[in-house]
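Below: the structure, in structure tokens.
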Amino acid sequence: MNKTKVLEAVNSLPDEFSLEEIIERLIILEKIEKGMQQVRQGQVVTTAEAKKHLQKWLR
């Protein structure tokens with residue numbers, strides 16, 4: 001994450017906000033960024049693979 005993205009997140013909030021709101025927003029941005037990086041690196045699973053994993057967990 002870079003300063004520009006953090007400032008954009010802060011600037012998109014209303015004038016009054018809680019600390020929890022900004023922390024939550026930054027965590028979400030970080031997770032999205034991490035997911036996009038994983039996609040670029042090919043660290044993904046197909047829908048079929050995901051369904052196979054879910055079947056094991058939902059038994």
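Bear in mind that the values in this text are calculations on the coordinates, not laboratory data. Everything numeric here is computed off the predicted structure, so don't read it as measured data. Positions of Cβ are backbone-derived with ideal geometry, glycine not excepted, and every protein chain shown enters the neighbour counts.
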- Item | Only listed residue being surrounded by 11 or more Cβ atoms within 10 Å (Cβ to Cβ), aliphatic (A, V, I, L, M) and under 17 Å from the mean Cα position of the chain (by Cα), chosen from A9, A50 | A9
- Among (1) touching a residue at least 24 places away in the same chain (Cβ under 8 Å); (2) surrounded by fewer than 10 Cβ atoms within 10 Å (Cβ to Cβ), the one test that E16 misses: (1)
- Query: Inside segment 20-59, can you point out the residues that are part of a helix (DSSP H, G or I), over 30 Å from A9 (Cβ atoms) and either in contact (Cβ under 8 Å) with a residue 60 or more places away in the chain or not aliphatic (A, V, I, L, M) (or both)?
  - Reply: T47, E49, K51, K52, H53, Q55, K56, W57
